[in-house]
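Chemist: Quick one: structure below, then a few questions.
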Amino acid sequence: MTIDETVELGTRYGRAWRTRDPDAILALHAEDAAVRVHVAGVEEATGAAARELLDFVFETLPEMRFESRRIDVREGLIVHEYSLVGTRAGADGVEAPVEVDGIDLIRCADGRVVRKDTYLDSLALGADAAVSPALRGGAVAG
């Protein structure tokens, strides 16, 4: 993909995330795209497991927004450095403020996201909110 094509895809992908629309996000993924959140216990997700992961993120972080610090674009690659800010739903049902530094590495080909690796400061996120039991172990679907 050219840089212009990568920027255009990144713009649409960012819009889908800002509007919290899992269908729009996944529509921009290649059929076999892999998503990985690099925090303890979360496995690589594809297919239905990627949808589960998105649903869990939006449920756990109901007011999530991204404050971008830097976005670098190369042919077929987007690197997004940000602070994820919002609230998180705790196991006790009480929401708590959260601010977590993160970096996304988004690999693109043929007009689609083919891999998204998210690196979060899991200590800031809180171990109790970082991993859904449904996504532990064997979460790779295809």
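Chemist: State which residue is modelled with the lowest pLDDT when the search covers only region 103-142 and only residues that are out of contact with any strand residue (DSSP E or B) (no Cβ under 7 Å at 6 or more places or on another chain) and in a helix (DSSP H, G or I).
Modeler: Only one residue tops the list, namely A134.
This table checks each residue for (1) among the small types (G, A, S); (2) under 16 Å from R112 (Cβ atoms); (3) in contact with an Asp or Glu (Cβ under 6 Å, 6 or more places away or on another chain); (4) not in a helix (DSSP H, G or I).
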{"position": "I25", "(1), (2), (3), (4)": "no, yes, no, no"}
{"position": "V35", "(1), (2), (3), (4)": "no, yes, no, yes"}
{"position": "A50", "(1), (2), (3), (4)": "yes, yes, no, no"}
{"position": "F56", "(1), (2), (3), (4)": "no, no, no, no"}
{"position": "P62", "(1), (2), (3), (4)": "no, no, no, yes"}
{"position": "F66", "(1), (2), (3), (4)": "no, no, no, yes"}
{"position": "R70", "(1), (2), (3), (4)": "no, no, yes, yes"}
{"position": "V73", "(1), (2), (3), (4)": "no, yes, no, yes"}
{"position": "I78", "(1), (2), (3), (4)": "no, yes, no, yes"}
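Chemist: Just one of the numbered conditions (1) out of contact with any helix residue (DSSP H, G or I) (no Cβ under 6 Å at 6 or more places or on another chain); (2) open to solvent by 60 Å² or more (accessible area, probe 1.4 Å); (3) in a loop (DSSP other than H, G, I, E, B) is not true of T11; which one?
Modeler: Tallying (1) out of contact with any helix residue (DSSP H, G or I) (no Cβ under 6 Å at 6 or more places or on another chain); (2) open to solvent by 60 Å² or more (accessible area, probe 1.4 Å); (3) in a loop (DSSP other than H, G, I, E, B), T11 fails exactly one: (3).
Chemist: Please work out which one of (1) in contact with a Phe, Trp or Tyr (Cβ under 6 Å, 6 or more places away or on another chain); (2) crowded, with 18+ Cβ neighbours inside 10 Å; (3) of a type in the set (S, T, Y) is the condition T60 fails and give its number.
Modeler: Tallying (1) in contact with a Phe, Trp or Tyr (Cβ under 6 Å, 6 or more places away or on another chain); (2) crowded, with 18+ Cβ neighbours inside 10 Å; (3) of a type in the set (S, T, Y), T60 fails exactly one: (1).
Chemist: Say whether the condition of being more than 17 Å from Y82 (Cα to Cα), touching a Gly at 6+ places or on another chain (Cβ under 9 Å) and crowded, with 16+ Cβ neighbours inside 10 Å is met by at least one residue in region 15-28.
Modeler: Yes: one or more hits.
Chemist: Scan region 89-102 and report the pairs whose first residue is over 12 Å from M64 (Cα atoms) and modelled with pLDDT of 75 or more and whose second residue is among the basic types (K, R) and open to solvent by 100 Å² or more (accessible area, probe 1.4 Å), with Cβ atoms within less than 9 Å and a gap of 6+ or a chain change.
Modeler: Close Cβ pairs satisfying both conditions: D101/R69.
Chemist: Please identify the pairs in which a residue from region 67-83 that is among the polar types (S, T, N, Q) has its Cβ atom under 9 Å from the Cβ atom of a residue that is open to solvent by 100 Å² or more (accessible area, probe 1.4 Å), counting only partners at least 6 apart or on another chain.
Modeler: Short answer, once both residue conditions are applied: S83/R69; S83/E99.
Chemist: How many of the residues in region 37-48 are open to solvent by less than 50 Å² (accessible area, probe 1.4 Å), closer than 16 Å to D104 by Cβ and in a loop (DSSP other than H, G, I, E, B)?
Modeler: So the answer is 1.
The values are calculated or read from the model by the stated rules, or taken from the named source; none is laboratory data. Nothing here was measured: the structure is a model prediction, and the numbers come from that model. Backbone-built Cβ (ideal geometry, glycine too); neighbour counts: all protein chains shown. Note: areas computed on protein heavy atoms with side chains; ligands, DNA, RNA excluded. Shrake-Rupley method; radii C 1.70, N 1.55, O 1.52, S 1.80 Å.
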